[in-house]
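In what follows, a single structure is set out as C-alpha cells and then discussed.
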Protein chains: 4
Amino acid sequence: MEVLHLYGSEEQKKQWLEPLLRAEIRSCFCMTEPDVASSDATNMECTLQRDKDHYIINGKKWWSSGAGNPMCKIAVVMCRSKTVNQNDRHGQHSMILVPMDTPGVKKIRPLTVFGQDDASHGGHFEVHFDNVRVPASNILLGEGRGFEIAQGRLGPGRLHHCMRAVGASEYALELLCKRAASRQTFGKKLYQHEVVAHWIAECRIAIEQTRLLALHAAHTLDTKGNKAARKQIGMIKVVAGRMASKVVDCAIQVHGGAGVSDDFPLAHMYAYARTLRLADGPDEVHLSSIAQMELRDQLRRMSAKL
Amino acid sequence: MEVLHLYGSEEQKKQWLEPLLRAEIRSCFCMTEPDVASSDATNMECTLQRDKDHYIINGKKWWSSGAGNPMCKIAVVMCRSKTVNQNDRHGQHSMILVPMDTPGVKKIRPLTVFGQDDASHGGHFEVHFDNVRVPASNILLGEGRGFEIAQGRLGPGRLHHCMRAVGASEYALELLCKRAASRQTFGKKLYQHEVVAHWIAECRIAIEQTRLLALHAAHTLDTKGNKAARKQIGMIKVVAGRMASKVVDCAIQVHGGAGVSDDFPLAHMYAYARTLRLADGPDEVHLSSIAQMELRDQLRRMSAKL
Amino acid sequence: MEVLHLYGSEEQKKQWLEPLLRAEIRSCFCMTEPDVASSDATNMECTLQRDKDHYIINGKKWWSSGAGNPMCKIAVVMCRSKTVNQNDRHGQHSMILVPMDTPGVKKIRPLTVFGQDDASHGGHFEVHFDNVRVPASNILLGEGRGFEIAQGRLGPGRLHHCMRAVGASEYALELLCKRAASRQTFGKKLYQHEVVAHWIAECRIAIEQTRLLALHAAHTLDTKGNKAARKQIGMIKVVAGRMASKVVDCAIQVHGGAGVSDDFPLAHMYAYARTLRLADGPDEVHLSSIAQMELRDQLRRMSAKL
Amino acid sequence: MEVLHLYGSEEQKKQWLEPLLRAEIRSCFCMTEPDVASSDATNMECTLQRDKDHYIINGKKWWSSGAGNPMCKIAVVMCRSKTVNQNDRHGQHSMILVPMDTPGVKKIRPLTVFGQDDASHGGHFEVHFDNVRVPASNILLGEGRGFEIAQGRLGPGRLHHCMRAVGASEYALELLCKRAASRQTFGKKLYQHEVVAHWIAECRIAIEQTRLLALHAAHTLDTKGNKAARKQIGMIKVVAGRMASKVVDCAIQVHGGAGVSDDFPLAHMYAYARTLRLADGPDEVHLSSIAQMELRDQLRRMSAKL
C-alpha cells in the first residue's frame, strides 16, 4: 500500500489503493527470487519486456507474504528490464502492478518458516510468472526506477518490523518473568536463581537500548526524511532482530520443553525474530553500508577540524 | 533399551528387551512432566503406590519420544513413591515398566518442536497415567532406585546426542560451503566475502573443539566408567548444543530465506540443536554441577600441594 | 564535592567545600577496602568509635582516587559504627570528614591499573587509618546514615563515568577509522577488509545505543530524581563499561602492536573501560538489582491488568 | 635458536647457536615494523642491499623481544631484497644474522604492553638499522628465502605461545577459585553465587577445549610435519589468545580492584593473553587462511564422493 500511496499514478491509486484502503482486497510484494542471492538486489532476474503497449513478465519469486490469501488481488513485482540503462546496475529494475488473476501468474506453493506456515496471514508463497502480459500503464513511476521506489519504501517498512520485534520481545520477557515466578527448582523459584535473574536484567537492558534506537530512527525519519535516516535505520535493522532472537531464546530456555512447543507463542516468535536477521536485506549487507556511512561521517568530521 | 540391558531382571529382559532387539517392538521413556520444572528431577510428581502385588501409577508426562509410534509397546516411567525414603530427596523415585496397552495409559497429543512434529519417529507425546495398575515385578532394580538408574543411563545417552550434534554440524558446514560457493553478491562469490569466510573458519574451529571434547569424554567413559566421566559429559553436553546452534545458525544465514524454509534441512537441524540446550537437563543445571566438581578438584589439588 | 554539597552542614561546607570550589584544595573518597569483598558494601569493616566529642577511626581503605595529590587535604571516609543500629545491615555505616594531615592517616602506596599508575591525577592509593581522631562534628548527616549518602551520591557519579566512557569510545572509534584508512594489507586498505568494516559498524551501533541509554538515564535523573532513575542508572552502568571495553578492544586490534603500546592512548583507555566493569559496584551486583526492579515492575503491570 | 638450529650453516651454528645453547648469550628476532601493517608480512620494508661480499641493512623494527637484555648479542632480521624475485611477493624477503654490536644498530626505546615493560626478559624494543653492514655469509639459507624460514619457524613458535596461554589460564582459574572461596558477599561465598559458579564452569570448559586442540595440533606437527599441521595451528592460534583473555578477565572480575592491580599477576597475564590475539599474525589473518583451507578440504571431500 505504501508503494501505491507514494508512487502510484492517480489512475493506479483509484483502481488499487482505494479498495485496499477499504480492506476489500489485499496486495502482495514479489521481490526475492529463489535462484539468485537476493541480498544483492541487482541480482534479480525476473525479466520485463516491452511489447508495444504491454509488458511481458517472466521469472520466479518467493517469500511473497500474503500471496495465498484469497483476498490478495494485486502484486507489486520487481523486474529487470532488458533494454533500459544496461550500464547502470541500479537503473535496470522496475516495479510493475500485476493483477493476481492475470494468465501466467502461478502460485506454486506456500513456504514454511521453521516448519510454521503462517497460513492465517496468507502465508509466504513461491509465485512464478510465465509470459504474464499486463498493460504498459501498470508500471510504477517509470521503467528503470525500481530501486528508487525500493529505497523510498524499505526504510519505513524495516522500521515497522523492528518495532514489532521490540513489542514481541516485551511480551517474551513478560512470559519469562511469569514462568520464572511460577516454577521452582532446587528449593528456589526460577527467578531466584542468579543466572535467570541476570537474564531478566540483560533482556530488559537489550530491549531498552533497542527501543531507544528505534525511537531515535523514527524521529529522524519523521523530521529529516528517508535519506537522513538511512544509517539509523540500518542500525536498528541489525539490532532489532538480534535482540529479539536473544530475548526470545532466553524465554524459551526458562520455559524448558514448553518453550519450543506450540503451547506458548515463543517458538513462533523465534521464527519471526530469526527471519528478521535475513529479511529486508541480511544484517551483513546493512553492516557494510553502516560502515561506509560511518567512514564518510568520520572523514567529514576530520575535514571540519582542519 | 539401555535401561533394560543394564538394570532389567532376567524375566524383564526376556519379555521386553529381546523383542526390542529383534526390532519387533519399540519403547519410550516417560520422565519430564508438564506441571513442574523437570530440570530439577526431584520435582517429578507422577505417583507410585503399592497395592499388594501391584503398583498404581498416576500422573502426567510429556516429551515421551516415540510414544506415538504404533510399534511402541512399552514405556519406562519415572515415578515418585509415596512411602519410600521420604527424607532422602534422591531416594524417593523409581522406574517402572508400563505396557502401553495397560488401561489408563492415555496418549494425549503429539508435541511440536518449533512447529515440527517429527512424526516419522513417532513424535514427542504427552502421555497421562490414570490409575494405571501393573504387577509389582515391573519395577526396575527396586523401589527408590530411580535416580541410580537415571545416573547410569543418562551419561551415555547425553553423549550420543552430542555426537549427533557434531555430525549435524558437519553437515551444516558442508551445506554452508556449497551455498557460499554457488551464490554471488556484489561481484563476489559469498565465500569471498571476508565475513562469510570467517564464519566458515569459526564453524570449523567450533566443530573441532567439540569433536575433541566428545572423543575425550567417550574415552573416559569407556576406560574409567560413568562416574569418572561425569564432569566431561557435563561439559560436552553444554558445548555441543550451543555449538550446533551456532553453526546451523550461520548456515541458515548464508542460505537466506531458503535456510528457514523446508527446502533445506537447516531449520529442522536448528530445532534439534536448540532442543539439546534444554533436553536431558538444561545447560544451566550442568554448568552448576561442573562448577561444583571443579571446585572440589581445585581443593584436592591445593591440598596435594601442601 | 557532591557529597559535601548535598549533605554537608553549613560549617562543613564553609571549611571544605568553599576551598574545593576555589580549587585551592582537593578531596578523596575512601570507601573500598582491601580485606573484604566491597562489592557488598555492608562488608566494610573500617570502624568508627565515639569517644566523647570525638570519633576514632581504624581501618584500611584502597582505590582512594587522588589521595596522592599534594593538594588533597580532606577525605570522606566510610566507616562502620560499633554501636548504632546493630540489627540493620544498612544502618550501621557512616561517612565522616578526615583531614589528610590528621595523625594516624597513612598513605601506604599508590596502586596501578594494568600497570599504569595514573600519577597525574594523584593516583589510586591504599590509605590506612590508625587510631585517627577527629571532632564528632565531622560526621556527615549523622551516624548510621552512610548508605543514605552513598545512594544519593553514587547515582550521578556512575552516570558521569558512563558519559566519559561514551566519549572515550567515540575517540577510540575515530582512531580506529583513521588507522584503518592509513594502513594496507593484502592489497587493500584495512577498512576495505569486510571484517574491519563490520567492526566499525558494530562499534558505531554500540556507541549509539549506549549514548541514548545514558541520555535517557540523565533525563530521568534530572526530571524525576535519583530514586526513579535507579534502574536506568544500573542499566547504563552495566552497558557503558562493557561497550567501551569492546570498542577499545577493536581499536587496539586494528592498531596491532601499536595498540597495546604507549604510542596510542588505547591501552590506557582499555584500563579505564575495564575498571568501570568492577568499580562503583561490579556489573553483577547491578544486574541483580535490575532484575529485582524488573520483576517488581512486571508484577505491578500484571496487577494493573487485572 | 630454532631458526639457527633448522636453517643455520655449520659455521653459523658454531659461532652463534653453540653459545646460545650454553646460555652465554641471547638472541632476538626483528620482524614487525612500526611503519607498515606487518600482519601482511609482504609489507615489510627494511631493505637488504648487496655490496660485494657484504650486505647493507636499512630500516626500522619493533617488538623485538629481549633486545634490551645485556646478554643479547645477535639478531635475526627480516629484510626485503632490492634485487631478487621482484615479481614474487613471497620471494623477496631474506633473514640475516646481525650482531647487536654492529655499527648502525640502534636500540631506540623499550615498548610497553598495557603499561608494563617486561624488563626482566629484556623488554620489547624498537630497533633501527642504519646502514648496517654485515658479511654476506650471515644470510640464512639464501637471499629471498625469508618466508620459507618464517613458515618453518612460526608454526612451532605459535604453538608454544598457545601452550603458555593454556598454562596461564589454568593458573588464573586456580586464583579465581581461591578468591571465590575466600571472599563473601550478601551472605554467601563468592563461588556460591550462581553466576560466579557458572564462570568457573565456563572457564574449565574453555580451557579443556583449548588444551585438546593444542595437543591435537602438536600431535599432527610431530607426526605429520609443519605443513600438514597448518590448519590446526591456525585454529589453536585463534582459540588460545581468545580463551586466555576470557578466563583471565573472569578471574579479574572476581578479584575486584585487586585484579587490575599489581598485587596479583592477573593484569600482567591479561596483557600477555591480549597480545597473543595480535602477535604472530593477528587472528583475522589466521581466520582467513583457515577458511581457505576448509573450502579446499570441502571441495576435495565433495570430489571424492563423486
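The values are calculated or read from the model by the stated rules, or taken from the named source; none is laboratory data. The model shown is predicted, which means the values in this text are computed figures rather than measured ones. For neighbour counting, all protein chains shown are included, and Cβ atoms are generated from backbone atoms with ideal geometry for every residue, glycine included.
Okay, here's what the table says:
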item: Residue in segment D:160-176 that is surrounded by fewer than 18 Cβ atoms within 10 Å (Cβ to Cβ) and within 14 Å of chain C (Cβ to nearest Cβ) present; result: no
item: All positions within segment C:259-268 that are touching a residue at least 60 places away in the same chain (Cβ under 8 Å) and either at the interface with chain D (Cβ under 8 Å from one of its Cβ atoms) or surrounded by fewer than 22 Cβ atoms within 10 Å (Cβ to Cβ) (or both); result: C:264, C:265, C:267, C:268
item: Test set (1) buried (at least 20 other Cβ atoms within 10 Å of the Cβ); (2) within 30 Å of residue B:124 (Cα to Cα) - residue A:238 fails condition number; result: (2)
item: The one condition in (1) within 13 Å of chain B (Cβ to nearest Cβ); (2) surrounded by fewer than 18 Cβ atoms within 10 Å (Cβ to Cβ) that residue D:225 fails to fulfil; result: (1)
item: Residues of segment C:181-204 classified as part of a helix (DSSP H, G or I) and under 23 Å from residue A:282 (Cβ atoms), total; result: 13
item: Single residue of A:27, A:64, A:94 found to be closer than 22 Å to residue A:282 by Cβ and either of a type in the set (Ser, Thr, Tyr) or assigned to a loop (DSSP other than H, G, I, E, B) (or both); result: A:64
item: Number of the exception - residue B:199 against (1) of a type outside the set (Gly, Ala, Ser); (2) in contact with a strand residue (DSSP E or B) (Cβ under 8 Å, 6 or more places away or on another chain); (3) within 19 Å of residue A:246 (Cβ to Cβ); result: (2)
item: Wholly enclosed helices (runs of 4 or more DSSP H) of segment A:223-285 bearing at least 3 residues closer than 19 Å to residue A:167 by Cα; result: A:230-255, A:266-276
item: Segment C:269-298, subset facing chain A (nearest Cβ under 8 Å) and free of Cβ contacts under 8 Å to residues at least 12 places away in the same chain, residue surrounded by the most Cβ atoms within 10 Å (Cβ to Cβ); result: C:291
item: Which numbered condition residue B:212 fails, given (1) out of contact with any Ser or Thr (no Cβ under 8 Å at 6 or more places or on another chain); (2) among the hydrophobic types (A, V, I, L, M, F, W, C); (3) at the interface with chain D (Cβ under 10 Å from one of its Cβ atoms); (4) touching a residue at least 60 places away in the same chain (Cβ under 8 Å); result: (4)
item: Residue in segment C:49-64 that is aliphatic (A, V, I, L, M) and in contact with a helix residue (DSSP H, G or I) (Cβ under 8 Å, 6 or more places away or on another chain) present; result: no
item: Matching residues in segment D:177-209 - criterion: being at the interface with another protein chain (Cβ under 8 Å from one of its Cβ atoms), under 20 Å from residue D:265 (Cβ atoms) and more than 33 Å from the chain's Cα centre (by Cα); result: D:181, D:183, D:190
item: Given (1) surrounded by 15 or more Cβ atoms within 10 Å (Cβ to Cβ); (2) at pLDDT 95 or above, index of the condition residue D:24 fails; result: (1)
item: Residue within segment A:101-109 that is out of contact with any His (no Cβ under 9 Å at 6 or more places or on another chain) and β-branched (Val, Ile, Thr) present; result: yes
item: Condition check for residue C:176: closer than 19 Å to residue C:274 by Cα and either assigned to a strand (DSSP E or B) or of a type outside the set (Ser, Thr, Tyr) (or both); result: yes
item: Residues of segment C:97-128 classified as part of a strand (DSSP E or B), more than 14 Å from chain D (Cβ to nearest Cβ) and under 20 Å from the mean Cα position of the chain (by Cα), total; result: 1
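Here's the yes/no breakdown for (1) without any contact (Cβ under 8 Å) to a residue 24 or more places away in the chain; (2) under 18 Å from residue C:127 (Cβ atoms):
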site	(1), (2)
C:10	yes, no
C:14	yes, no
C:28	no, yes
C:50	no, no
C:61	no, yes
C:74	no, yes
C:79	no, yes
C:96	no, yes
